[in-house]
């Protein structure tokens, strides 16, 4: 095993600093930068912190200015916005002043429309400007707000197009007042068709402008409101429908509220997508999955509104997974094809599931290839692209087109750090005989020009102030916003390093992940050797401990989940205590968060036990680690045992019904491959199929439980 680089050793030191809390992090940073003398703080602060600890030094502002900024942030946490406003003139630094203005604009609920409009103009390019615009639009629609002349409203929206239903409606009212009826009607229809409105706004439109809206406009609104389960609002508009549509709407309301049975729905409207959706939901509630599937398959046209298509897809996706469990593969295919979804993520998932079922269960490789092709046309991230390209290769291979398959596998293997890119590389090896290798490129060398360009950015200066204040949450907001504006590997590297320097491991890693998703390589930072896992027969291989930690917590040593899992490897305190006992180690609850190495030792041992419980199977163990061991056993019984060769492990993973768990297994397995390379000088042979097949056991010893 090669020794980690200097950068990785630094990351490991930063991980320890991150466990110390804000004050400890800042003291260590000060010591390492020569700003103070003496040993780093050794003790951790308890979690959760009700507020950030004060920073003992500042690199961004003169001490007096920093103290004023710090006091203003303290006032903002107390909701004393008057004190925050009063602090702005006392601070000379323009970025610090804008930072306080930003806090007001994003958090003071009493900010007026005019103030918000000014803030939006002054803070152009800063984080959360869309939230400011939403607040401005709702401030305009607040009946208790000060009167704003129509001309001022129109001028505002000409510069800031509406982003909410309320905004479109208020803009329409202003345009009507300015005697611009054609423009006003366009905005009115935008508000009416598929947008949430306050009841008072909706009623004003009906009272003043109902005649300007067509029957189709009214039906579009009712259809949207029923899909969105806004029944009170829907009832207000139903009287404006035709007799036929009125009956359909009333039937849908009755089915939703249980006042109408499915058997009493008139046959003339039985094919309405909304009615069939409600009938499917009712069947599902009764435990009649076959009935739910039958109702969904009977839908021959998609809903007319985007909200309806999204809601229907959620139900179709759920029941397609149930159909797979029932081994009704044709039903699963019918439920996932031709979904007409706007959301690229949902569309990609629908096309994948349709293609995968067509290929692996229905012997339809040509149809499958068309579904996979659509994926590659609508996604952009390496994970999603490689999935589509790999399965295009599988479909082509099944159809007998080896040349096309090789082309698709080559495309997928370009994304060598992804699950399906790795599988594609092994497929290529079987076709060409060329060994499949994973090679991690070195991160870019940072020049002084890179540093100067980075530090000159206004938002970077603001983020540094937040880091020095110990404002982890707001620092993270800025870091994620800054990353969206970057196109250069060196700038991504510097942003990741800045987060790491402030002991914020999660944003440090996520910035590097974002670069990878945009095909900008900062791979060493995206896969840091963040700590040195323990080695020995009682622990899992070190690469797996790193792979799990990257996925579980993004190397945040103080992470605590809603399920009360703690620290780097997300251990429940009871599990940690029993694991410590089995290792002959002392147990102290605080160490789970204060000492990343301790957490990693217990986590590596616990994971070894879990892998052993599943006869060495990584994929079943990962399923159990994420969703619970009992579910791992249940999925073996339902879908077959990949350890015994009863099912292709790639298919077994895709059959796991929980999207979070499928993603978890795939990300951990790909992380494992990358970390083996990182621990070996950034290169290693690809062995993903071997990892997927770990844990083979004799059939005679198999048990469904």
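Output the Kirkwood hydrodynamic radius of region 585-705, Cα pairs only, in Å rounded to one decimal.
After inverting the pairwise mean of 1/r, the radius is 15.5 Å.
Averaged across orientations, what area in nm² does the convex hull of the alpha carbons in the chain project?
With the hull built on Cα positions only, its mean projection is 35.6 nm².
Out of every Cα pair in region 114-215, what percent are spaced more than 22 Å from each other?
26
By the gyration tensor of its Cα atoms, with a ≥ b ≥ c the square roots of the eigenvalues, what is the shape of region 341-446: rounded for a/c under 1.5, prolate for a/b over b/c, or oblate?
Verdict is oblate for region 341-446.
Treat the count of other C-beta atoms within 10 Å as a stand-in for reagent exposure and order 605, 386 from fewest to most.
The fewest-first ordering by Cβ neighbours comes to 605, 386.
Once each part is reduced to its C-alpha centroid, what is the distance from region 465-479 to region 486-553 in angstrom?
Spelled out, the Cα-based centre of one part sits 19 Å from the other.
Between the alpha-carbon centers of region 107-145 and region 350-416, tell me the distance in whole angstrom.
Comparing the Cα centres of region 107-145 and region 350-416, I get a distance of 46 Å.
For region 273-296 and region 164-237, compute the distance between their C-alpha centroids and round to whole Å.
After rounding, the separation between the Cα centres reads 31 Å.
If a/c stays under 1.5 just call it rounded; otherwise compare a/b with b/c (prolate if a/b is bigger, oblate if not). Do that for region 540-596, with a ≥ b ≥ c from the square roots of the Cα gyration tensor eigenvalues.
oblate
None of the figures in this text is laboratory data; all of them are computed from the coordinates on show. From a predicted model like this one, the values you see are computed outputs, not experimental measurements. Quick reminder, even Gly has a Cβ in these numbers, built from the backbone with ideal geometry, and neighbours come from all protein chains shown.
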